[in-house]
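This report concerns only the one structure given below.
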Amino acid sequence: MEFRGFPYTPYSIQIDFMKALYHSLNQGGVSILESPTGRSLSLSLSLLYIWTGKTLSIICSALQWVYDRRQQDKSKVQVQSPHHSTDDAHIGSDDEPDWLRNFVPNKDNLTQEKKINKKFGFGGCDRRKNRKESCKDLFSRDLEEEDCNKRGENKSSRKKNDGVELSDDEFLLDEYESEEEGALGGGKSKRKAGGVSISSSSDEEGEKDGSDGEEEEEEKAFKIYFCSRTHSQLSQFIKELRKTLFSNEINVVCLGSRKNFCINEEVLKLGSSVRVNERCLELQKNKKNEVSKIKLEDNRVLELLGIWDSSVGGCAAEVTGFSHNDILKWKVLSGWYEGLVGSDAYTDDPHNFSAEGRIRRTKASSGCPMLRKHKLQKEFRNETSQHGALDIEDLVRIGRSIGTCPYYGSRSMVPAADLVVLPYQSLLSKSSRESLGLNLKNSIIVIDEAHNLADSLISMYDAKITSSQLESVHSHIEKYFTRFRNILGPGNRRYIQTLMVLTRAFLQTLDNKKDLSNVNNCQAEEIAADKKAVCDTSIAINDFLFSLNIDNINLVKLLQYIKESNLVHKVSGYGEKVSSLQEGLALNHNGGCGEEGSTLSSFRALVDMLISLTNNDGDGRMIISKMRSTCSGLQGGFLKYVMLTGEKIFSEIVDEAHAVILAGGTLQPIEETRERLFPWLPPNQLHFFSCSHIVPPESILPIAVSRGPSGQSFDFSYSSRSSLVMIEELGLLLCNLVAFVPEGIVVFFSSFEYEGQVYDAWKKSGILERIMRKKRIFREPRSNSDVELILKEYKETIDGLSSGTKDGVRHNGAVLLAVVGGKISEGINFSDGMGRCIVMVGLPYPSPSDVELMERVKYIESLGEPNCGKRPEISVGEHYYNGDAQAAFSILRSCKRRGKEYYENLCMKAVNQSIGRAIRHINDYAAILLVDMRYSSDSSKRSFSHPTNKLPLWIKDRLVSATNNYGEVHRLLHHFFKYNKKRECQ
């Protein structure tokens, strides 16, 4: 089997990996492919250390399979229809390579372009017909508005506030009939809503209409979706793709978040992703009025609309009369002209009539200047198609040069793409898939960095709403209901009152005033012990609903009403507009919830929570964190739904796709992944492949370090790690290492808190000063945005060892203090001098006092049992309290196998990810020190659950698991670096 797209001569293990992937695609279904990252491709490419081997292997194998499969399908069609074979031979132009003609037929481009235009509204001359057919609907809609206003007790549609006139018409809900009122098949709005959807997942609200059946039929067969966790990893994938022969022969599109794509500087200033998303969506709804004039001279069109009376040669009604009928007809006219001349939207303001007998047309274009000229989007697609594979930075650069939005531009390219590169969230979240219009039918899905896939997938379906968000929502609903209750229909009143009941009940369950004195005492004790407050409880969904007396509310129908009535935008819009006028300020688009986002975000958090409460009782748990008293005042509480099962979520993806590939450097144990995501799949039908590391044995030295230089045993368990003796012994170890380990040392701690504790103790004892005499010290910042700067300085220090001094002291390298689970441990590679020695301090078990974690442990313990999904019998009550470490340890002791293994696997997966940052190519070398006596043991006496048995095979086979004293460790390290330094110079 030949993989002609591979740019270099591959190693045998790379060929094995590509063959395994190709075979998996032939069979279809789910496959797990494990391959240590960083395998270089040849001696001359030893500096290409990032992702090189695994990524190129995935690219070349998957694309080769797609090419072969499409060729086979084409051959079958030609055999079945021999009379077409002659014509087919002349379809392609001689200017095109044969592979491109076969891979992307010309007719597909035209079809997809047409489809893109239809989906995003860039074409659409056929809308004229739809506008004509909908004239009666527009008339009837507005007549009902008039009747509704007449029936209301408050006939005024304007409210004056401090001299500012506020029109409330736009915020009035359409009449709504519930099922009880005779609307068969569920509730419905009497008038056709012209707004957008307001479902909780409306990240792309109103943007997926009209993209269904026809588009699905025209999707290319076996489209490849490649997803990973971070944007930087996706950019690296594109860089590797460019090295292959496929780069310029396939259609590739890279998707990302609005924040990464946005080129609107005013929006980018908002900072957080939540605010950028909210503002972007808001701009799509806001209409910036541009007034122009048109003469009433198109008699034919006006006659069709019933406004021009050809028999009398004039208007059917006096234009200057401003009667309601004139306004209604103007609405029809504006709708007609929207389809006729291609403008985006028109208002129905009667003041658009001028005294000269003209109508001032109010053109409402997109509020974002980057989307006002739709022809630029087409230009964006044409431009990107000429450059081959582009990453997010490339797309942003092209978007800036053209002056159009690269976020929506890249989305419009998805239907015609052969390869879609996108982050986890966009593929794994059902709402994101639907809003992006991703069609997984017969596709190939490659999920890279899949070591924590189960937890990542499940966490996407969590829902959380804070007490301040609930207060904001409740306040807005109350104000809205007070204002419009007399003119709302019975259906609207009923559902709005139901929402008020729910928000009030949620707030009451978070109110801790009755137990405030107990919480204060609890807080005082916790502050003294430097622990978290014991105030969070866990409860099942049904128990939660019963406890609040809201179990009789039909949440499904309520959610349907929220979606169909456009309630969220009506209520939040009205509330924000009133607030802004009362304060005498311009409308604050950042909303009223501070750091938690806008009012709209608060409403969406509520809807997400209601959706979560419709899940099965055993699918998840409710976490109740009540308001509590702290030294700084009252701390707000929250409600959180924690999803526990990923089986149904993942099955939706597997059922659609032709094949799903889970790839990563360390994926074992795979049994846990199978039981959590696809338990229906028999073990013999799960395709698993694992290849060894290409690094020779003499290039790696893993050692379990049980004792320090002074003979003190290393025990970094939770109860012992804060001991000054333990911290100082670790400092002495590092003082020894910096004396002879060349270049860079990376030290991993279990948490930012513990790293800070150790750093402060070293500084106070003088150990830090001793270390800094030999090497500079860098610390991983908590903010991800600052990590790049620290890494740059760290690398410059390593690279410039021979070029100078710092503060008059000559250094032989640098030390980087990092945190397990931080950005450095997950996605940064320390090749060559940046990671000559990796020090793992202790076993980074997650905190057992985390109530969410313990709920997952209990659920996983129940997997595989006869009554799978039933909570196991454990020696703690149903209401487990956060921060109660003793109860947590009781849960772990009660677990027989799966729950305990899951807890241990979380720890060792984090260890493997951290220590795997080193050794990135064949000429690289590094020492790995596992500093804790729990890593040490006689290999013949190890149990299955021993930590070292969960190490990657290429590390475990070379591990020095037991040493008599630190002197032995020192000798091994000294010999290792001396040997490899000599080999490096040869």
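Using packing as a proxy for protection, rank 445-451, 664-670 so that the peptide with the highest average count of other Cβ atoms within 10 Å comes first.
445-451, 664-670
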Go ahead and run the numbers for FRET between E478 and S273, Cβ-Cβ distance against an R0 of 41 Å, rounding to 0.05. 0.85
With a point put 7 Å past each Cα toward its Cβ, work out how far K577 is from E698 in nm, to one decimal. 7.8
Once a ≥ b ≥ c are taken as the square roots of the eigenvalues of the Cα gyration tensor of the stretch 752-844, is the result rounded (a/c under 1.5), prolate (a/b larger than b/c) or oblate (a/b not larger than b/c)? oblate
In this model, which of K259/K464; K220/K640; K239/K373; K626/K909; K764/K950; K464/K909 are farther than 29 Å apart at the alpha-carbon? K220/K640; K239/K373; K626/K909; K764/K950
Points 7 angstrom from Cα along the Cβ direction at S459 and R69: gap in nanometres? 3.1
Which peptide among 469-480, 67-78, 491-502 comes first, and what is the full order, when sorted by highest mean count of other Cβ atoms within 10 Å? 469-480, 491-502, 67-78
Extension reserve of the R779-H946 stretch, reckoned as 0.36 nm per residue once the Cα distance is removed: 57.0 nm
Find how much the distance from N616 to N26 grows on full extension, using 0.36 nm per residue of separation minus their present alpha carbon separation; answer in nm with one decimal. 208.8 nm
For a protection proxy built on the mean count of beta-carbon atoms within 10 angstrom, sort 700-710, 432-442, 742-752, 975-985 highest first, please. 742-752, 700-710, 432-442, 975-985
Any chance you could run the full-extension gain for K239 through R4? It's 0.36 nm times the residue separation minus the Cα-Cα distance, nm to one decimal. 82.8 nm
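Taken together, the values in this text are just the output of simple stated rules run on the coordinates, not laboratory data. Keep in mind the model is a prediction, meaning the values are calculated, not measured. Reconstructed Cβ throughout: ideal geometry from the backbone, glycine too, with neighbour counts over all protein chains shown.
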